Amino acid sequence: MELIPIKNELKSFKDHLDINERTVFSAKFGDGKTYFLNEFKKKYGDSYEFITIYPVNYQIADNKEVFEYIKRDILIQMVSKKMIEPSYEIPDSLIFQFFIMQNSDSFLGNLLKILPSLGVPEQTASLFLAGYHALNWSKKMAKKYKEYKDAIQSQDENQIIATFLESFSKRIGSPYEIDLITQIIIDNIQWFCKSNNKKVILIIEDLDRMDPAHLFRILNIFSAHIDRVYQYQNSSTQKEEDTTYSELLPNKFGFNNIITVFDYNKTKSIFQHFYGQEANYDGYINKFTSHQPFFYSIDEIAREYLYKVISEKCCITKESIRHISKQINNKFDSLSVRDVNTILNGIDLYIQEDIYKSGTTEFNTKSPLTYTIAMFKLLGYSNTDIRRYILSLSKSDLLNCINVFLYIRPDVSANSFTFHDISYIIRIPSSDTINKIQIKPGHDHSGFHLILTEDDINKCLDRAFETLSKILCKWKQDSVVSLFLYLNSVF
């Protein structure tokens, strides 16, 4: 299968991220968003590390649970990707806080409980467990917990609360949500960026798959992470070694970029349906963008690529095609990426490759005219329509499209002729078997000149249709034989 090239669009998105800390990657459902992002990850993997979460996996949870799912989802991926500093020590105050708040539940168990809800694939789960084992956190935390437990047994409830609060009084600049997992994520994103000279990007994927009733609730939760008021850090703030203050970060976890993936225009329609036509969608969605969304359409890119292929293989310019008829324009404008792929991958199947000679020169019938007919066939047009459309091309494009089939007339071996009162020169490339020649307005001063008529052009078209009909007959015969041989082998 021939892939639609998106190299330019990948570079454009890279440039977009360089100046947009937060952005919406907007494309219609089924328009290749995931494919594009996967290709972006491959191409720019040396510059970025990607954490991708799928809120559709936890859309039915309540708001408090969603906050917890997000944190654990991110941490599990970071551990599996070896984004945790091997020597990273969890701050003592956070260990104490975790065991009191989690009622002595194990840290690993707390993470494992969430795995099924996140839709984490088996490979990622295995990598996470291997990475967690290497960090040896469970043993260290168990030891710390035993120390705290022994100390707490001799205290009453008021003393326990005082001890808990005192453990955080030295960290005035800590985030509103004092949480072990949040701090691990923040510290290690900073470590990973510095030690690997990479940026870390959070991708919030598949929002288009969410029920509209949950979509904006989930977006509101993410906006609280992205557009968050942080505590004021004053000159007396004390900081534990190797920890990072969240108020110094561009977003809650310290990601360099956050990419939210959905159809910007469709989401606007849903928003106005829920909240009314006067609701300020642009103001609402601005929390997810630093400047402007990045709009992407693989269908449009595919159609432009098809015009490029037609120009190269059929020798017909986009402008010439667009001037044929409004019907042709509508047809091309409605093509999806799948339609374009069908044309690109099927065009050669219509063509009977054959060699014929004109003088000492050999020509290949797999040429611009046969490619043009095959392309129109795959668009669903009849031979009558195809002939009419080809004859409607501009004179230069028509001759370049007919191309080597001009040589069915023996005296075209001359390199100069007149067609519709305009003189043209044929330029033949130096190669063994030629499938494309160049025809341009001009004069050959060698002295020999001929007149090309409409009848000559129609004879060229007749020969091209005949060439294509042969391959279709042969294809049908080969298909019957192949089917017979297959059935014979089975039975």
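Could you tell me whether Ile316 is within 23 Å of Ile402 (Cβ to Cβ) and in a helix (DSSP H, G or I)? Here the answer is no, as Ile316 does not meet what is asked.
Only one of Ser336, Ser416 is hydroxyl-bearing (Ser, Thr, Tyr) and under 21 Å from Glu454 (Cα atoms); which? That would be Ser416, the only listed residue that is hydroxyl-bearing (Ser, Thr, Tyr) and under 21 Å from Glu454 (Cα atoms).
For the range 397-488, which fully contained strands (runs of 3 or more DSSP E) count at least 1 residues that are under 46 Å from the mean Cα position of the chain (by Cα), modelled with pLDDT of 80 or more and assigned by TED's automatic domain parsing to the domain that holds Leu369? The strands (runs of 3 or more DSSP E) meeting that bar are 422-427, 438-441. Screening Thr342 on (1) outside the structural domain of Val24 (by TED's automatic domain parsing); (2) out of contact with any helix residue (DSSP H, G or I) (no Cβ under 8 Å at 6 or more places or on another chain); (3) surrounded by 13 or more Cβ atoms within 10 Å (Cβ to Cβ) shows it passes everything except condition (2). Just one residue in the set Thr370, Thr384 is assigned to a helix (DSSP H, G or I), in contact with a helix residue (DSSP H, G or I) (Cβ under 7 Å, 6 or more places away or on another chain) and of a type in the set (Ser, Thr, Tyr); that residue is Thr370. Return a yes/no flag: does the range 352-359 have any residue that is at pLDDT 90 or above, among the small types (Gly, Ala, Ser), over 30 Å from the mean Cα position of the chain (by Cα) and not in a helix (DSSP H, G or I). Among the residues of the range 352-359, not one is at pLDDT 90 or above, among the small types (Gly, Ala, Ser), over 30 Å from the mean Cα position of the chain (by Cα) and not in a helix (DSSP H, G or I), which makes the answer no. Considering only the range 54-71, state which residues are closer than 19 Å to Gln183 by Cβ and in contact with a helix residue (DSSP H, G or I) (Cβ under 6 Å, 6 or more places away or on another chain). Matches in the range 54-71: Tyr69, Lys71. Tell me yes or no: at least one residue of the range 42-61 is under 22 Å from Asp211 (Cα atoms), touching a Gly at 6+ places or on another chain (Cβ under 8 Å) and assigned to a helix (DSSP H, G or I). So far as the range 42-61 goes, yes, one or more of its residues are under 22 Å from Asp211 (Cα atoms), touching a Gly at 6+ places or on another chain (Cβ under 8 Å) and assigned to a helix (DSSP H, G or I). Here Ala279 meets the list (1) assigned to a helix (DSSP H, G or I); (2) at pLDDT below 90; (3) of a type outside the set (Phe, Trp, Tyr) almost entirely, failing just condition (1).
For the range 195-207, a tally of residues being buried (at least 18 other Cβ atoms within 10 Å of the Cβ) and assigned to a helix (DSSP H, G or I) returns 1.
Table: residues versus (1) more than 21 Å from Ile321 (Cα to Cα); (2) in contact (Cβ under 8 Å) with a residue 24 or more places away in the chain; (3) touching a strand residue (DSSP E or B) at 6+ places or on another chain (Cβ under 6 Å); (4) of a type in the set (Phe, Trp, Tyr).
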{"position": "Glu362", "(1), (2), (3), (4)": "yes, yes, yes, no"}
{"position": "Pro368", "(1), (2), (3), (4)": "no, yes, no, no"}
{"position": "Thr372", "(1), (2), (3), (4)": "no, yes, no, no"}
{"position": "Leu379", "(1), (2), (3), (4)": "no, yes, no, no"}
{"position": "Leu393", "(1), (2), (3), (4)": "no, yes, no, no"}
{"position": "Tyr407", "(1), (2), (3), (4)": "yes, yes, yes, yes"}
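Quick grid of which residues meet (1) touching a helix residue (DSSP H, G or I) at 6+ places or on another chain (Cβ under 7 Å); (2) part of a helix (DSSP H, G or I); (3) modelled with pLDDT under 85; (4) farther than 23 Å from Lys71 by Cα:
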| site | (1), (2), (3), (4) |
| --- | --- |
| Lys239 | no, no, yes, no |
| Asn251 | yes, no, yes, no |
| Gly254 | yes, no, no, no |
| Asn265 | no, yes, no, yes |
| Lys268 | yes, yes, no, yes |
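Quick grid of which residues meet (1) touching a residue at least 60 places away in the same chain (Cβ under 8 Å); (2) outside the structural domain of Ile221 (by TED's automatic domain parsing); (3) within 19 Å of Asp206 (Cα to Cα); (4) of a type in the set (Val, Ile, Thr):
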site: Phe13; (1), (2), (3), (4): yes, no, yes, no
site: Thr23; (1), (2), (3), (4): yes, no, yes, yes
site: Lys28; (1), (2), (3), (4): yes, no, yes, no
site: Tyr35; (1), (2), (3), (4): yes, no, yes, no
site: Glu39; (1), (2), (3), (4): no, no, yes, no
site: Lys43; (1), (2), (3), (4): no, no, no, no
site: Phe50; (1), (2), (3), (4): yes, no, yes, no
site: Pro55; (1), (2), (3), (4): yes, no, yes, no
site: Gln59; (1), (2), (3), (4): yes, no, yes, no
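Quick one: in the range 10-27, which of the residues that are out of contact with any His (no Cβ under 8 Å at 6 or more places or on another chain) and buried (at least 18 other Cβ atoms within 10 Å of the Cβ) is farthest from Asn341 (Cα to Cα)? For the range 10-27, the residue satisfying everything is Arg22.
The values are calculated or read from the model by the stated rules, or taken from the named source; none is laboratory data. Treat the numbers as computed from the prediction; the structure is a model and nothing was measured. Don't worry about glycine lacking a Cβ; one is built from the backbone with ideal geometry, like all the others, and counts go over all protein chains shown.
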